[in-house]
1. If a residue must be crowded, with 20+ Cβ neighbours inside 10 Å, touching a helix residue (DSSP H, G or I) at 6+ places or on another chain (Cβ under 7 Å) and in contact (Cβ under 8 Å) with a residue 40 or more places away in the chain, how many such residues does region B:244-274 contain?
2. With among the hydrophobic types (A, V, I, L, M, F, W, C) and under 22 Å from B:SER64 (Cα atoms) as the only criterion, which of A:ALA245, A:ALA241, A:ALA260 stands out?
3. Which members of region B:215-243 meet the condition of being crowded, with 24+ Cβ neighbours inside 10 Å, among the small types (Gly, Ala, Ser) and either in contact (Cβ under 8 Å) with a residue 40 or more places away in the chain or more than 13 Å from B:GLU274 (Cα to Cα) (or both)?
4. Which members of region B:130-143 meet the condition of being within 14 Å of chain A (Cβ to nearest Cβ) and over 15 Å from B:ILE82 (Cβ atoms)?
5. Scan region B:11-45 residue by residue and report those that are at positive phi and within 13 Å of the chain's Cα centre (by Cα).
6. Under 30 Å from B:MET92 (Cβ atoms), touching a Pro at 6+ places or on another chain (Cβ under 8 Å), touching a residue at least 60 places away in the same chain (Cβ under 8 Å) and not assigned by TED's automatic domain parsing to the domain that holds A:ALA213 - does that describe any residue in region A:137-151?
7. Tell me which residues, restricted to region B:87-96, are more than 10 Å from chain A (Cβ to nearest Cβ) and not acidic (Asp, Glu).
8. Of everything in region A:179-206, what is of a type in the set (S, T, N, Q) and at pLDDT 95 or above? Give them in sequence order.
2 protein chains.
Amino acid sequence: MPTAKRFPTAQLINVNERFFLLDCGEGTQMQLRKFRIRFGKINHIFISHLHGDHVFGLFGLISSFSLLGRKNSLHIYGPPGIKNILLGHLQMFSMELVFTLDIHELAPKRHQQVFEDKSLTIFAFPLKHRITTMGYIFLEKDAELNIKKEAISKYNLSLASITKIKNGSDYLTPDGIQVPNSELTKPPYKQRKYVYCTDTRPLKKINELAKNADILYHEATFLDRDKYLARDTGHSTTVQAATAAKEAGVGRLIIGHFSARYKDQVQHLKEAREIFSETVIAEDGVTFSIEKMRAPEVKN
Amino acid sequence: MPTAKRFPTAQLINVNERFFLLDCGEGTQMQLRKFRIRFGKINHIFISHLHGDHVFGLFGLISSFSLLGRKNSLHIYGPPGIKNILLGHLQMFSMELVFTLDIHELAPKRHQQVFEDKSLTIFAFPLKHRITTMGYIFLEKDAELNIKKEAISKYNLSLASITKIKNGSDYLTPDGIQVPNSELTKPPYKQRKYVYCTDTRPLKKINELAKNADILYHEATFLDRDKYLARDTGHSTTVQAATAAKEAGVGRLIIGHFSARYKDQVQHLKEAREIFSETVIAEDGVTFSIEKMRAPEVKN
């Protein structure tokens with residue numbers, strides 16, 4: 001439930017000024033306006049599951065997009081049933097959109113790629129909640145390889161050879177010796193990775209899927225003392241979220257989706273940080289950045 | 001459309017600590033929390049029409065009522081079609097409520113009484129918009145009559161006679177002379193009246209229906225210069241709203257439902273006040289009160 005300070009779930013992911021929306025709880029469009037986000041730039045919306053606190057903002061957002069004369073197609077991804085809900089809604093309210101709504105129903109039980117462009121891949125995978133629920137992984141593609149300066153001089157490489165090597169080819173010397181690509185190049189930047197897990201019981205495979213993620217968002221609806229409630233409602237505790245982060249070896253953990261029963265999140269932070277110190281609280285309007293980092297030099 | 005400062009339409013009417021909700025745009029439950037209103041006290045919701053900006057908050061509010069373990073029935077009133085939308089929604093989201101939802105579809109073309117208790121009557125009447133739209137009138141019942149002191153001594157009234165006279169009876173003297181009730185009593189308080197008109201084209205009958213209302217809320221989506229746009233979209237201008245207030249002789253006019261095309265409401269207020277000086281702007285979170293007023297003494 002929303003509180004005086006907290007709206008239902010929605011996250012905006014900005015990848016090089018391309019906007020992706022994760023879930024769309026009631027009031028998302030108002031929050032986007034409040035935080036001065038040009039939400040016309042959102043072309044892709046990913047819904048975790050069909051509970052109201054993750055979906056009820058879609059109707060108003062779609063309606064506003066239409067009033068604003070949106071031209072781009074809007075792609076919405078989510079579990080089976082989402083098409084029926086959205087099309088049913090448009091019909092009930094006799095809404096005629098001025099743009100194309102492209103609804104993608106995901107396979108509920110598979111780890112699958114759902115989006116790809118030249119710099120980013122997005123995957124969906126099943127979580128474990130009371131109803132079909134999907135987690136999402138945002139994985140930056142490797143940037144074009146950087147060629148080592150010493151390799152150019154050592155092999156006296158031509159421009160044509162350099163282009164091929166940058167695209168991943170090995171190099172064949174005039175003497176017929178094959179030099180492996182890894183000896184000639186280095187990735188310029190570390191691949192960035194974000195993993196979004198809500199709503200879910202603790203799930204072993206998250207350790208693997210979130211491996212080395214820069215940020216893992218993991219719901220922590222309950223405190224440790226309410227772990228039986230978490231189990232019964234298909235949610236996680238602070239301790240369970242922090243354990244997932246620790247085992248996956250992520251850079252940072254964001255916890256959120258707190259039950260309205262708790263007055264504040266002091267205890268949540270305390271419990272999680274005892275297990276995983278790099279834990280922060282998801283607060284409305286806060287931005288977390290993953291900086292582009294030089295890939296570490298590997299010395300031979 | 002909502003803006004950074006303004007949520008879609010919803011008004012809470014507090015009649016002696018009984019709460020009635022007029023319309024329920026997206027985010028209404030968050031605004032109720034923000035303004036610290038104990039919204040569990042809302043038992044009756046009146047919807048003007050089935051456009052998203054007046055309805056999209058209902059789903060989340062109903063869902064929260066259920067999560068909060070609401071016990072009282074919730075009565076929702078609105079145009080035909082509202083039952084289908086609400087029940088369809090509950091079904092699509094497999095929502096099982098822990099309280100009774102009582103949906104009342106109104107006759108779309110009649111002025112009708114929709115609610116009555118011992119102190120209040122609520123009426124609905126058709127407005128003129130692109131789809132069926134209802135206005136609402138909140139009318140306080142006359143309080144029990146006050147008996148004039150001089151009448152008690154003049155006619156030496158018994159307790160039994162006084163009770164009858166307070167309930168409106170005339171008095172028959174021992175000599176058989178009938179004294180009319182109006183000579184014996186006076187109403188202690190002026191009946192309070194609130195009239196809610198959104199969304200609508202200007203409508204002559206509002207002059208009559210809002211006659212002597214303490215407050216008239218009338219939408220003023222557009223400025224006077226955009227009156228053709230108002231006509232084409234089934235809305236009103238500032239000038240049209242103020243003219244209705246003036247002709248109905250209301251105490252105060254509240255204007256709202258402003259198009260997002262206008263940066264602020266300075267010009268709205270100016271235009272309306274030129275015609276009807278007692279005009280104010282509907283701003284999120286603002287409360288307007290109608291004080292209980294002694295009925296004016298009528299001297300013989």
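The values are calculated or read from the model by the stated rules, or taken from the named source; none is laboratory data. Just so you know, these numbers come straight off a predicted model, no measurement behind them. So basically every Cβ, Gly included, is an ideal-geometry build from the backbone, and we count neighbours across all protein chains shown.
1. Total satisfying the criteria: 6.
2. None of the others qualify; the one that does is A:ALA260.
3. B:ALA220, B:SER236
4. Passing the criteria: only B:ARG130.
5. From region B:11-45, those at positive phi are B:16-17, B:23, B:27, B:36; that's our starting set.
Selection gives B:ASP23 alone.
6. no
7. Hits for region B:87-96 are B:LEU87, B:LEU90.
8. Passing the criteria: A:THR198, A:THR200.
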